[in-house]
Amino acid sequence: MIVCRCAWSGLWLSCREPVLSLCRSAKPWAVEVFGSLEHAQAWLQAPLPVLGNRCPLDVVAEPGGSAELLATLGRIEHGVFS
């Protein structure tokens, strides 16, 4: 397995394209929604009930996971309990 360090989260991740793609595309949005890089990182690593008690970084590696994760982030941004 190949691992690499995500530039904005600082996490070591398996280099699957969905994970890397999310790290590149969702960073500014997640930081804006959560108010800081640290809060965004904590959210990405925390098991969430809305995701079946899976961590967002685990979900994004699944088929369709990027869309599910971005939809969840959108609901949070708009104040919908997620």
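The values are calculated or read from the model by the stated rules, or taken from the named source; none is laboratory data. Values in this document were obtained by computation on a predicted structure and should not be read as measured data. Cβ sites come from the backbone with ideal geometry, for glycine too, and all protein chains shown count toward neighbours. Heavy atoms of the whole protein, side chains included, go into the accessibility calculation; ligands, DNA and RNA do not. Shrake-Rupley method; radii C 1.70, N 1.55, O 1.52, S 1.80 Å.
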Q: Pick out the one residue from Ser66, Ser36, Ser82, Ser9 that is at pLDDT below 65 and either of a type in the set (Ser, Thr, Tyr) or open to solvent by less than 30 Å² (accessible area, probe 1.4 Å) (or both).
A: Ser9
Q. What are the residues in region 39-62 that are more than 17 Å from Ala26 (Cα to Cα) and open to solvent by 70 Å² or more (accessible area, probe 1.4 Å), if any?
A. Pro47, Pro49, Asn53, Arg54
Q | Scope region 60-82; condition charged (D, E, K, R) and either touching a strand residue (DSSP E or B) at 6+ places or on another chain (Cβ under 6 Å) or farther than 11 Å from Val33 by Cβ (or both); matching residues | A | Glu62, Glu68
